[in-house]
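K.L.:
Sharing a structure below in structure tokens format, with a few things to ask.
The values are calculated or read from the model by the stated rules, or taken from the named source; none is laboratory data. Here the structure is a predicted model, which means the values were calculated and not measured. Here the Cβ positions follow ideal geometry from the backbone for every residue, glycine too, while neighbour counts run over all protein chains shown.
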Amino acid sequence: MVKVVVTGIGLVSALGQDLQDSWQNLLAGKTGIKLHQPFLELGTIPLGLIGSLPSDLNTLIKTVVVSALDDAKLVSPLSDCAVVIGSSRSYQGYWEILARQMYGRDNRQNCLKLADWLDVLPQMSAIAVARQISTEGAVLSPMAACSTGIWAIAQAALLIQTGQYQRAIAGAVEAPITPLTISGFQQMGALAKTGAYPFDLHREGLVLGEGAAVFVLESATLAHQRQAKIYGEILGFGLTNDAYHGNKSDPQGKSAIAAINQCLERSNLTPKDIDYIHAHGTATQLNDQIESMIIQHIFSKNVAISSTKGSTGHTLGASAALGVAFSLMALQNQILPPCVGLQQPEFEGDFITVARENNLKHVLCLSFGFGGQNAAIALG
């Protein structure tokens, strides 16, 4: 089997404008979540905004791709490079603006034109990256709710493992701070009122955030040939679906457990081999309860656990990609990132509340999306 390694990372989040800033602020226990009122009709709510106003999706894409290529010491054109960029909301914000303009409810000068609708179809974020790096390789644009980031990395890894490509740009991007997204989560009663507190006894719900993380994946052979810096190896992954409910996870967690077991088997690992779990940890009542049950079912009480959504907010389709980036940084630096916002754990386990040094060989990143989209990826 061809080994797949990560040689470059580009990241932007509410925690920082790049990977290093976000990582250092995370280790310091900081949060990018603040009270905002981006839309007058929806009141003031906690959000993980990168700036003072909702971000532009295209800007996020360009920023992280440039950072990832620079980190990997690569320059365009990359004519034989695959692209796998996912998003759960994609250009939804543009469509909402367009709808308001059509019905005379938006008087902004920078109006969108219906003639430009082809540029804001869901897959165009991936195509934009292909154009940015001038590749003629395959372009994929997965959408798997909050698990999109891991799905994208998994698909890219498969393209390399099967010998179709030696290199791929993979990851996910999300700019979900829109009236419809906020209203939808408000109607569900899923949004927090003050902040995100994963696995805490007094957790309130999720906090929406925006961000992106993109990776340069290469075959180990190619990476070694060009003496590239290597963050870690993609050991394996597991992808399943609950087929249970539109937005609720299976309370028994059967398919999620199957995804983790698939991942471990494909990675030639046992539960005892995992040193750290980057949990999905949305800070909602149901998700944290079920995820804790799943972890306790498979792993010992000694495995280290944290979620970084208390720092970045829940970036929906990009959240798993951000989780993989932070997991790779944990491996490279041998430091466990803290679960910011966690004060009083409700569940048993070694929850990391303050960054600490640790001997890390294998880490697991989990993501459980709406509709029962389960994803697990092992890194070493």
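K.L.:
Which of (1) hydrophobic (A, V, I, L, M, F, W, C); (2) touching a helix residue (DSSP H, G or I) at 6+ places or on another chain (Cβ under 7 Å); (3) at pLDDT 95 or above does V120 not meet, given it meets every other one?
P.N.:
That leaves (3) as the condition not met.
K.L.:
Same structure, new question: Looking at region 196-231 only, could you name the residues that are in a loop (DSSP other than H, G, I, E, B) and farther than 30 Å from Q132 by Cα?
P.N.:
Scanning region 196-231 gives A196, Y197, P198, F199, L201, H202, R203, E204, G205, V207.
K.L.:
Let me confirm something: among V75, V139, V129, which residue is of a type in the set (V, I, T) and either buried (at least 24 other Cβ atoms within 10 Å of the Cβ) or not assigned by TED's automatic domain parsing to the domain that holds A213 (or both)? Don't jump to the end; show me each part of the working.
P.N.:
On the way: V75 fails: either buried (at least 24 other Cβ atoms within 10 Å of the Cβ) or not assigned by TED's automatic domain parsing to the domain that holds A213 (or both); V139 fails: either buried (at least 24 other Cβ atoms within 10 Å of the Cβ) or not assigned by TED's automatic domain parsing to the domain that holds A213 (or both).
Criteria check complete, one pass: V129.
K.L.:
Now a separate question. Which of the following residues is touching a Phe, Trp or Tyr at 6+ places or on another chain (Cβ under 6 Å), at pLDDT 95 or above, part of a strand (DSSP E or B) and buried (at least 23 other Cβ atoms within 10 Å of the Cβ): I234, I305, I277?
P.N.:
Result: I305 is the single residue among I234, I305, I277 that is touching a Phe, Trp or Tyr at 6+ places or on another chain (Cβ under 6 Å), at pLDDT 95 or above, part of a strand (DSSP E or B) and buried (at least 23 other Cβ atoms within 10 Å of the Cβ).
K.L.:
Within region 49-63, can one find any residue that is touching a residue at least 60 places away in the same chain (Cβ under 8 Å), among the polar types (S, T, N, Q) and in contact with a strand residue (DSSP E or B) (Cβ under 7 Å, 6 or more places away or on another chain)?
P.N.:
yes
K.L.:
For the condition assigned to a helix (DSSP H, G or I), surrounded by fewer than 24 Cβ atoms within 10 Å (Cβ to Cβ) and at pLDDT below 95, what is the one hit in Q289, Q252, Q262, Q187?
P.N.:
None of the other options fit; the residue is Q187.
K.L.:
Here is a list of conditions, (1) more than 16 Å from A325 (Cα to Cα); (2) touching a residue at least 40 places away in the same chain (Cβ under 8 Å), and H224 meets all of them except one; can you say which number that is?
P.N.:
With respect to (1) more than 16 Å from A325 (Cα to Cα); (2) touching a residue at least 40 places away in the same chain (Cβ under 8 Å), H224 is out only on (2).
K.L.:
Given the conditions (1) assigned to a helix (DSSP H, G or I); (2) surrounded by fewer than 23 Cβ atoms within 10 Å (Cβ to Cβ); (3) of a type outside the set (D, E); (4) at pLDDT below 95, which single one is not true for L331?
P.N.:
L331 satisfies every listed condition except (4).
K.L.:
Cβ-Cβ under 9 Å, sequence separation 6+ or interchain: first residue in region 1-21 and without any contact (Cβ under 8 Å) to a residue 40 or more places away in the chain, partner aromatic (F, W, Y). Which pairs?
P.N.:
G16/W23
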